[in-house]
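Participant: Take this structure first; my questions come after.
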Amino acid sequence: QKEVEQDPGPLSVPEGAIVSLNCTYSNSAFQYFMWYRQYSRKGPELLMYTYSSGNKEDGRFTAQVDKSSKYISLFIRDSQPSDSATYLCGLSNFGNEKLTFGTGTRLTIIP
Amino acid sequence: ETGVTQSPTHLIKTRGQQVTLRCSSQSGHNTVSWYQQALGQGPQFIFQYYREEENGRGNFPPRFSGLQFPNYSSELNVNALELDDSALYLCASTGTSGSYDTQYFGPGTRLTVL
């Protein structure tokens, strides 16, 4: 079993829809939870960063962490075609230590 | 833009050859990590350097080695290349986002082994 599981998709939704992206994990030592966006043939770009449990909102993006269920989510409201990318969850024990990633979910927003 | 740069952008090598990839960290970042991302997969941690010393290593064989220089730039060296080494190699430097440290990635070097 992988430490971090993420549905690879692909996921296609119409423009304006709410998108839900999720990861599950098995290592209870993870304390830091990141979401990265990766466009084709580019490096990952940090989107959201959450420490421990709870919610965090930044514009159209909301990250949720449920440590009791070992489940993290990223919600995108009012999705735009420019949101089309691969979304990676990355988890670590400490913020400056190695990140363990999911496989990434490929998202397409249809105009 | 994260301020992390990598060179070269693309590279083609043959099996058995050796390769060196380079990374310049964002200014002020003294920790650099290297990851391997195979096609359709998430990045896999190779190793991390902090102030020129290796500070953690993932499940990669010794033919993957690295260096960090006094200016915090870094190199990844891979010897005896294998076909499975074909991947996007990512460098990340550690900086502070809000109250916590996090990792900022460069654009990557795409390595093809024939």
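Participant: If you take the accessible area of B alone, add that of A alone, and subtract the area of the pair, what total do you get in Å², probe 1.4 Å, to the nearest 100?
Facilitator: 1700
Participant: Taking A:Lys56 as the anchor, which lysines have their alpha carbon closer than 16 Å to its alpha carbon, excluding any fewer than eight residues away along the same chain?
Facilitator: Those lysines meeting the cut-off are A:Lys67.
Participant: Taking the Cα centre of the range A:1-107 as origin, work out the dipole magnitude from +1 charges on Lys and Arg Cβ and -1 charges on Asp and Glu Cβ, in debye rounded to 20. Could the numbers behind the result be given before it?
Facilitator: Details: 11 positive and 11 negative charges, 41 e Å.
Using Cβ point charges on Lys, Arg, Asp and Glu, the range A:1-107 gives about 200 debye.
Participant: Still on this structure, I have one more. B:Thr20 versus B:Glu53, label points 7 Å from Cα toward the beta carbon: distance in nm?
Facilitator: It is 2.5 nm.
Participant: Hey, another quick one. Can you tell me the accessible area per residue over the protein assembly as shown, all protein chains present, probe 1.4 angstrom, in square angstrom?
Facilitator: Working: 10790 Å² over 225 residues.
So the protein assembly as shown comes to 48 Å² accessible per residue, rounded to a whole number.
Participant: Now, a different point. Keeping the other protein chains in place, figure out the carbon and sulfur percent of the accessible area of chain A, with a 1.4 Å probe.
Facilitator: 47
Participant: Can I ask one more? What number, in percent, do you get for the relative contact order of the range A:1-68 if the mean sequence gap of Cα pairs under 8 Å and at least 6 apart is divided by its residue count?
Facilitator: Worked out over the range A:1-68, it gives 21 percent.
Participant: Placing unit charges on C-beta atoms (Lys and Arg positive, Asp and Glu negative, everything else neutral), compute the dipole magnitude of chain B about its Cα centre in debye, rounded to 20.
Facilitator: 240
Participant: Then there's this: List every residue whose amide H lies under 5 Å from the amide H of B:Thr31, counting only residues 5 or more places away in sequence or on a different chain, with H placed 1.01 Å from N in the peptide plane.
Facilitator: B:Thr94
Participant: So, one more: Whole-Hz Karplus ³J(HN,Hα) for the range A:80-90, in order, using 6.51 cos²θ - 1.76 cosθ + 1.60 and θ = phi - 60°, x for Gly and Pro?
Facilitator: For the range A:80-90, the Karplus curve yields 10, x, 5, 7, 5, 5, 9, 10, 10, 8, x Hz.
Participant: Considering the dipole of the range A:1-64 built from charges on the beta carbon (Lys and Arg +1, Asp and Glu -1) around the Cα centre, which of A:Pro10, A:Gln31, A:Gly43 is farthest to its positive end?
Facilitator: Going by the charge dipole, the pick is A:Gly43.
Participant: What whole-number distance in Å separates the alpha-carbon centres of the range B:8-76 and the range A:80-111?
Facilitator: Centre-to-centre (Cα) distance: 21 Å.
Participant: For chain A, what is the convex hull (Cα atoms) projected area averaged across all directions, in square nanometres?
Facilitator: Computing the convex hull of the Cα atoms and averaging its projections yields 6.6 nm².
Participant: Which value, in debye to the nearest 20, describes the size of the charge dipole of the protein assembly as shown about its Cα centre when Lys and Arg Cβ atoms bear +1, Asp and Glu Cβ atoms bear -1, and nothing else is charged? Spell out each step's value before the answer.
Facilitator: On the way: 18 positive and 20 negative charges, 63 e Å.
Dipole of the protein assembly as shown, to the nearest 20 debye: 300 debye.
Participant: Report the residue, chosen from A:Ser68, A:Ser79, A:Ser20, that carries the largest GNM mean-square fluctuation when chain A is represented by alpha-carbon nodes joined by springs under 10 Å.
Facilitator: A:Ser68
Participant: Who wins for biggest fluctuation among B:Thr94, B:Thr31, B:Thr102 in a Gaussian network model of chain B, springs between alpha carbons below 10 Å?
Facilitator: The residue that fluctuates most here is B:Thr102.
Participant: With heavy atoms of protein chains only and a 1.4 Å probe, what residues of the range A:66-111 have at least 40 Å² less accessible area in the full set of chains than alone?
Facilitator: A:Asn96, A:Lys98, A:Leu99, A:Phe101, A:Thr103
Participant: Which whole-number percent is the relative contact order of chain B (Cα, under 8 Å, 6+ apart)? Working shown, then result.
Facilitator: Values: 286 pairs, mean separation 41.4, N = 114.
36 percent.
Participant: Here is a follow-up. Please list, or write none, the aspartates and glutamates whose alpha carbon is within less than 12 Å of the alpha carbon of A:Lys42, excluding same-chain residues fewer than 8 places away.
Facilitator: B:Glu1
Participant: Now for a different question. When the accessible area of chain B is split by element with a 1.4 Å probe, what percent falls to carbon and sulfur?
Facilitator: Answer for chain B: carbon and sulfur cover 46 percent of the accessible area.
Participant: Any idea which of B:Phe47, B:Gly108, B:Gly58 is furthest toward the positive side of the dipole for chain B, if Lys and Arg beta-carbons carry +1 and Asp and Glu beta-carbons -1?
Facilitator: Of the listed residues, the answer is B:Gly108.
The values are calculated or read from the model by the stated rules, or taken from the named source; none is laboratory data. Bear in mind that the values here come from a model prediction, so they are computed numbers and not experimental data. Cβ sites come from the backbone with ideal geometry, for glycine too, and all protein chains shown count toward neighbours. The protein model used for the area step is the full one, side chains on, heavy atoms only, and it has no ligands, DNA or RNA in it. Shrake-Rupley method; radii C 1.70, N 1.55, O 1.52, S 1.80 Å.
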